[in-house]
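See structure below.
The values are calculated or read from the model by the stated rules, or taken from the named source; none is laboratory data. Small disclaimer: the values here were computed from a predicted structure and weren't measured. As a convention, Cβ positions derive from the backbone with ideal geometry for all residues, glycine included, and neighbour counts pool all protein chains shown.
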Amino acid sequence: MGLLIYGQNESLGKSYEVDDFCCPYCDHYDCTELFLISNYFHFFFVPYLPIDKSGSSLCSNCKKIVTQINFSPKLVALYNAKRSTYKHPIKMYIGFIIFPGILILALIIFLLYSSVVT
């Protein structure tokens, strides 16, 4: 009986400085950073395919993290602009390359071995 490990995880993508923005918690300007996060499906802890993109912001002054649901209208506009141009890193597709590659290699070895035996 084998052990099958799979699920979803997330990886930090890019970060962007938010100019001319006031933190709603500490009222400091230009101290907020927007983070884009890649959500992906993994198989045996290897990223297989990206699923979605999400975001959060961090104030460098008060260290408060704001999730995407609680974004202000200015952060929503910036998030939507950056999200549309953000592409998932290549490492998010590594399982999509490795696992089918292993299956193709096994099939080739099987075909070569079966032709040698017969």
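Select, from Phe44, Phe71, Phe21, the only residue that is surrounded by 12 or more Cβ atoms within 10 Å (Cβ to Cβ), closer than 26 Å to Tyr93 by Cβ and free of Cβ contacts under 8 Å to residues at least 60 places away in the same chain. Outline the logic, then answer.
Numbers: Phe71 fails: closer than 26 Å to Tyr93 by Cβ; Phe21 fails: closer than 26 Å to Tyr93 by Cβ.
It is Phe44.
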**Request:** Answer yes or no as to whether Asn39 is closer than 20 Å to Phe71 by Cα, in a strand (DSSP E or B) and not small (Gly, Ala, Ser).
**Result:** yes
**Message:** I'd like to verify a number: residues in the stretch 8-49 that are modelled with pLDDT of 85 or more, closer than 22 Å to Ile97 by Cα and of a type in the set (Phe, Trp, Tyr), how many?
**Reply:** 3
**Request:** Scan the stretch 50-93 for residues that are at pLDDT below 90 and of a type in the set (Phe, Trp, Tyr) and jot them down.
**Result:** Phe71, Tyr93
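Can you find a residue in the stretch 100-108 that is under 18 Å from the mean Cα position of the chain (by Cα), surrounded by 10 or more Cβ atoms within 10 Å (Cβ to Cβ) and more than 17 Å from Asn39 (Cα to Cα)?
Taking the stretch 100-108 and keeping what is under 18 Å from the mean Cα position of the chain (by Cα), we get none.
No, every residue in the stretch 100-108 fails to be under 18 Å from the mean Cα position of the chain (by Cα), surrounded by 10 or more Cβ atoms within 10 Å (Cβ to Cβ) and more than 17 Å from Asn39 (Cα to Cα).
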**Message:** Please count how many residues of the stretch 59-77 are closer than 15 Å to Cys31 by Cβ and either basic (Lys, Arg) or not in a strand (DSSP E or B) (or both).
**Reply:** 8
**Odd one out for Lys53, checked against (1) exposed (fewer than 12 other Cβ atoms within 10 Å of the Cβ); (2) in a strand (DSSP E or B); (3) among the charged types (D, E, K, R)** = (1)
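Condition check ((1) basic (Lys, Arg); (2) touching a His at 6+ places or on another chain (Cβ under 8 Å)) across all residues:
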| residue | (1), (2) |
| --- | --- |
| Ser11 | no, no |
| Lys14 | yes, no |
| Asp20 | no, no |
| Pro24 | no, no |
| Ser38 | no, yes |
| Phe41 | no, no |
| Pro47 | no, no |
| Ser57 | no, no |
| Ile94 | no, no |
**Item:** Members of the stretch 78-102 that are more than 17 Å from Phe43 (Cβ to Cβ) and in a loop (DSSP other than H, G, I, E, B)
**Value:** Tyr86, Lys87, Pro89
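Restricting to the stretch 90-118, what's the tally of residues that are in contact (Cβ under 8 Å) with a residue 40 or more places away in the chain and not charged (D, E, K, R)?
Residues of the stretch 90-118 in contact (Cβ under 8 Å) with a residue 40 or more places away in the chain: 91-96, 98-99.
Now restrict to residues that are not charged (D, E, K, R): 92-96, 98-99.
Residues flagged as in contact (Cβ under 8 Å) with a residue 40 or more places away in the chain and not charged (D, E, K, R) within the stretch 90-118 amount to 7.
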